[in-house]
Amino acid sequence: MPTIELRNINNFICRNINLKIASGEIMVLWGPTGAGKTTLLNVVSGLIPYDGSVLFDGRPVDRVPVNQQGIGYVFQELALFPHLDVAANITYGLKIQKRPVEEIEARLERMLNLMVIRHLVQRYPKNLSGGEKQRVALARALAPSPKVLLLDEPMSNLDLLTKETLLQEIKNIQQKTRITTIYVTHNQGEAFFMGDRFSIINAGRLEQLEVIPKELAGHSPPEFLSDFLRFKHLLA
């Protein structure tokens, strides 16, 4: 999986951001609403204009078409296609890429098993719960076997139990695939549970870059709040 490097990124929000993300790492972008976190994801994915350069494994991808960059993106609003059932949503990207039918069917089977959503295969988004929609959106992002995974506030608007379950599943999937991942959140607990490192973004600027303390990394979400109170001095 590629390293990601951002060099002197500037646009309408971002201000001279430089950041390097290691192969197989989960980098958390953490900051308040409007800080520029989602904008930076859109820069990495090539969806918006910017000055500067984005490099994968040292090679600039600024002029590479979005559909050729090998990126899976779970948007905050999920963006499931309402007129397509779960199976069609998951395989949409594979069909756009004109993958062989056998490969499409095999990838669909794998995603249904991986995300435990086989029972939802013929449902439409309007008939899914929030957690079910999140699973489908993640399955769609992972189906083409991307090299980079972008997750924009994937746990927003979920109840605590569903959030805890999905956080653990995403963490497990990432550890198995070692896909280079950027995870956006304004939630401190999610940041520490999910990340290898975190970047604090505020007003379009990278203000702080830290390794997740080993005392916190890997703890389950319910344990986080007490742990954070004990170890927050490490961030001072």
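On inspection, residue 106 fails the criterion of being of a type outside the set (Ser, Thr, Tyr) and in contact with a helix residue (DSSP H, G or I) (Cβ under 9 Å, 6 or more places away or on another chain). Quick test for you: out of 142, 120, 94, 158, pick the one residue that is surrounded by 14 or more Cβ atoms within 10 Å (Cβ to Cβ) and in contact with a strand residue (DSSP E or B) (Cβ under 7 Å, 6 or more places away or on another chain). Every option except 142 fails the conditions.
From the set of residues in region 98-120 that are assigned to a loop (DSSP other than H, G, I, E, B) and over 14 Å from residue 80 (Cβ atoms), which is farthest from the chain's Cα centre (by Cα)? Selected residue: 100.
Looking only at region 156-209, residues that are assigned to a strand (DSSP E or B) and among the small types (Gly, Ala, Ser) come to 1 in all. Under the condition of being over 27 Å from residue 162 (Cβ atoms), of a type outside the set (A, V, I, L, M, F, W, C) and in contact with a strand residue (DSSP E or B) (Cβ under 6 Å, 6 or more places away or on another chain), which residue from region 185-209 is modelled with the lowest pLDDT? Filtering first and then ranking leaves 208.
Within region 123-139, the set of residues being out of contact with any strand residue (DSSP E or B) (no Cβ under 7 Å at 6 or more places or on another chain), assigned to a helix (DSSP H, G or I) and not β-branched (Val, Ile, Thr) comprises 125, 126, 127, 130, 131, 132, 133, 134, 135, 139. Got at least one residue in region 45-59 being of a type in the set (Asp, Glu) and touching a residue at least 40 places away in the same chain (Cβ under 8 Å)? Yes, region 45-59 contains a residue that is of a type in the set (Asp, Glu) and touching a residue at least 40 places away in the same chain (Cβ under 8 Å).
The values are calculated or read from the model by the stated rules, or taken from the named source; none is laboratory data. In this text the structure is predicted, and so the values were computed from the model without any measurement. Please note: Cβ atoms are built from the backbone with ideal geometry, for glycine as well, and neighbour counts cover all protein chains shown.
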